[in-house]
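One structure is given below, encoded as structure tokens.
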């Protein structure tokens, strides 16, 4: 049995729901069968249960086992690939981007309140300019958002004003979004699963799907069971499993890594991040970090596109953290972990109908906390007969690599090396 426990991380060590769900054995029926126990799958299952549908949720490992339970915890407004959406869909795409920008936040906030989910939600997120020239595009983005009516929660931070926000000389300004923020991703995922279960969703862990079929009579086969459902939803990064050719070469797994320090003193916190912001920089190969509820620095980044994990994650990430914040040179590293995120080549999440009654939502390119909840609602709406937003995403033309697997990763690694060198220069 794989994935018996969550990987060792700060999140696993501070998880607040010990619930274990059984494995599926035998045959079962439901209106909807959801594959995947991360944000995509759990949010879809909960949404459909709230709408009165019977739901079965299948997870190969544990709820929140993958990226949803390991990520940086940044709840960022918008989704990845917004420029591509506007480019392909024109005015309809621009309106879609604006309309859904904070929809995931709203869903998360409502569920935290409704179901009593404790996940350390804090507001305040910042993008910082890693190079002087990056500040030009950040300023243009800020001004555009203000013209669209978002000035009330956005704040431009010019280079000379940065010291009052972050205790580092590494950046050249940025902008703050006080509608976005950060949270404990694993506890949010576990809390939503608990809420779904209370509404009647049958959740099965350690239940690997080995085959599935859409069409008039969809079904899902697991190692020891079978689900017959009116609709099947694939929620999360399955890449090209199950022989689904429309997913082949669409996404590639990308390694991302995080370290967590020991709890920091209030004095150090006041020096480095007095506003308790989640932060990411403007590089393509970026750094991202935030403070945990117990004042640890959670610092991540340095994506690895070769599928080879560092021998020592702490040794790999810690020097970069100290470069940004020399104040942390004596801070002990208590946790270090990594995982895979799915990078879609055009960065637009994949929200598609692969066959009649067979949907997929995946590929958030590192922006999953907000985007997964948006995608889950869009797919749930489509299943229930409201397809306007789903149809727009279904029109997006995605780029596919002709080679996937090892060769595809090498191609992507070469491309990202180019961007990394460009970041440095």
Pop a pseudo-label 7 angstrom from the Cα along the beta-carbon direction at both residue 5 and residue 158 and give the gap in nm to one decimal. 5.3
Comparing 44, 386, 207 in a Gaussian network model of the chain (Cα, 10 Å), the one with the largest mean-square fluctuation is 386
Exposure proxy ranking, count of Cβ atoms within 10 Å, fewest first, for 120, 177: 120, 177
At what distance in angstrom do the alpha carbon centres of segment 70-149 and segment 372-396 lie from each other? 18
Report the per residue volume, in Å³, of the convex hull enclosing the C-alpha atoms of the chain. 136
Pick from 34, 201, 97: which residue has the top mean-square fluctuation in a GNM of the chain where Cα pairs under 10 Å get a spring? 97
Assertion target for 217, 202, ordered by fewest C-beta neighbours within 10 angstrom first, is 217, 202
Under the 7 Å Cα-to-Cβ spin-label approximation, residue 211 and residue 136 lie apart by a distance in nanometres of 5.8
Can you tell me the 0 to 90 degree angle between the C-alpha axis of helix 368-383 and the longest principal axis of the chain, rounded to 10? 30
Between residue 226 and residue 294, the FRET efficiency computed from the C-beta separation at R0 = 35 Å comes out, to the nearest 0.05, as 0.20
Can you give the extra length, in nm with one decimal, that the chain gains between residue 329 and residue 315 once fully stretched, where that is 0.36 nm per residue apart less the Cα-Cα distance? 3.8 nm
Could you line up 210, 322 from fewest to most neighbouring Cβ atoms inside 10 Å? 210, 322
Cα long-axis angle, helix 313-324 against the chain (0 to 90 degrees, to the nearest 10): 40
Could you give the angle, 0 to 90 degrees to the nearest 10, between helix 185-198's Cα long axis and the longest principal axis of the Cα atoms of the chain? 30
When the chain is treated as a GNM, springs tying every alpha-carbon pair under 10 Å, which of 285, 344, 32 comes out with the largest mean-square fluctuation? 285
With just the Cα atoms defining each centre, how far is segment 32-53 from segment 157-229? Give it in Å. 12
Contour minus Cα-Cα span, residue 19 to residue 198, at 0.36 nm per residue, comes to 63.2 nm
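All of the numbers you see were taken from the coordinates with simple rules; none came from a lab. As the structure is a prediction and not an experimental result, all values here were calculated from the model. Don't worry about glycine lacking a Cβ; one is built from the backbone with ideal geometry, like all the others, and counts go over all protein chains shown.
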